[in-house]
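Worksheet for the structure shown next.
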Amino acid sequence: MEKKNLVAVFTIWTVLSIASTFCYGQSGKRVLFLGNSVWDFRGGVHQPFLGFCETAGLDFQAVSQMRRHENGHGVEFLDLGRIPLSLPEVAGDERILSLIRWGGYDYVIVEARRSGYLLPESVDIPEDRGSSIPFEKNLQALGTIHRTIVESGAQTVLYMHPGLHTLERYRLPVAQIYERLHSGLEEMKIGGKRHRVILVPARFLWGDAVKKYGVEGWYANPGHGNALARFASGCMLYTYLTGKDPRENRFVGLPLDWDQAESSPVVQVPREDADWIKSQVWLYYSTGRN
């Protein structure tokens, strides 16, 4: 009888182990972010995003540029060297398309980059923000990227870049352009059918936050958010990629500087601020077109 019990226990343990291994393998997700320095600057957005995922018991891996930040309207990306900031240049770079095709990603996050590349030539915008590119050309390029993502088996995520606080008057026009790009991508037929694109409206969230906290309380410099802002964007990505209510997630802390994460002090987001951010994110998600 004892031998039979041992055999039964061993059999159950083996089955549970196999099931556990299979479930874990299925739960792991890989995310590629084809963005700029926002993803990495002083910890960037990826660290709180992963913090939310880990706290929820989700296995996510985030891949992006991990060396230098913006350089001549480009970024240093893994071993690819400089990649450009404009969508037509990205779509024309076979190295990047190959990275998407063979990277085994579940989600690929793209952004329309600098505001100057999106707005019409008639808009008065500083020269260092990039030259205007016609909407149709931007959409065509983004369509090439979207098609590559879909054919790789991944899902396209369009991250609405918050933008510089010094260019506040362009916030709504650029957001409207993102909406048009989003609709244009979802109208595309790939393999005979349309594919859902996730639009993450970080630009609107940051607009709400600046009204609440002020520029000094939200931005670290004109183009990058402070720890609170990075927490908010990470929360938004977590919510839009997983569909989970962030208000039920206990994550509230992140290293001040991810480049020195082991020695950097951990910033604890005050409970009141974390609750407000999570509520705002969930409001956007639950009332939007998801």
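The values are calculated or read from the model by the stated rules, or taken from the named source; none is laboratory data. Source: prediction; values computed, not measured. Here the Cβ positions follow ideal geometry from the backbone for every residue, glycine too, while neighbour counts run over all protein chains shown.
Scan the range 140-160 for residues that are out of contact with any Gly (no Cβ under 8 Å at 6 or more places or on another chain) and within 19 Å of residue 203 (Cα to Cα) and the total you get is 4. Among the residues of the range 40-61, at least one is at pLDDT 90 or above, β-branched (Val, Ile, Thr) and surrounded by fewer than 22 Cβ atoms within 10 Å (Cβ to Cβ). Within the range 63-92, being outside any helix (DSSP H, G or I), buried (at least 16 other Cβ atoms within 10 Å of the Cβ) and at pLDDT 75 or above holds for 63, 86.
Note on the range 178-220: residues that are within 24 Å of residue 87 (Cβ to Cβ) and among the aromatic types (Phe, Trp, Tyr) total 3. Checked against (1) buried (at least 17 other Cβ atoms within 10 Å of the Cβ); (2) modelled with pLDDT of 80 or more, residue 119 passes all but condition (2). Please name all residue pairs, on different chains or six or more residues apart, with Cβ atoms under 6 Å, provided the first residue is in the range 169-185 and is more than 23 Å from residue 146 (Cα to Cα) and the second residue is surrounded by 13 or more Cβ atoms within 10 Å (Cβ to Cβ) and among the polar types (S, T, N, Q). Pairs found: 170/115. Can you find even one residue in the range 246-261 that is closer than 24 Å to residue 158 by Cβ, surrounded by 17 or more Cβ atoms within 10 Å (Cβ to Cβ), modelled with pLDDT of 95 or more and under 17 Å from the mean Cα position of the chain (by Cα)? Within the range 246-261 (the criterion being closer than 24 Å to residue 158 by Cβ, surrounded by 17 or more Cβ atoms within 10 Å (Cβ to Cβ), modelled with pLDDT of 95 or more and under 17 Å from the mean Cα position of the chain (by Cα)), the answer is yes, since at least one residue qualifies. No other residue among 110, 123 is without any contact (Cβ under 8 Å) to a residue 60 or more places away in the chain, in contact with a helix residue (DSSP H, G or I) (Cβ under 8 Å, 6 or more places away or on another chain) and of a type outside the set (S, T, N, Q) apart from 123.
Output the residue which, of all residues in the range 182-232 that are of a type in the set (Gly, Ala, Ser) and not in a helix (DSSP H, G or I), is modelled with the lowest pLDDT. Explain how you work it out, then say what you get.
Start the filter on the range 182-232 by keeping residues that are of a type in the set (Gly, Ala, Ser), which leaves 183-184, 191-192, 202, 207, 209, 214, 217, 220, 223, 225, 227, 229, 232.
Filter once more, keeping what is not in a helix (DSSP H, G or I): 191-192, 214, 217, 220, 223, 225.
Values: 191: 93, 192: 95, 214: 94, 217: 92, 220: 85, 223: 80, 225: 86.
The selected residue is 223.
Summed over the range 131-151, the residues that are surrounded by 19 or more Cβ atoms within 10 Å (Cβ to Cβ) and assigned to a loop (DSSP other than H, G, I, E, B) give a count of 1.
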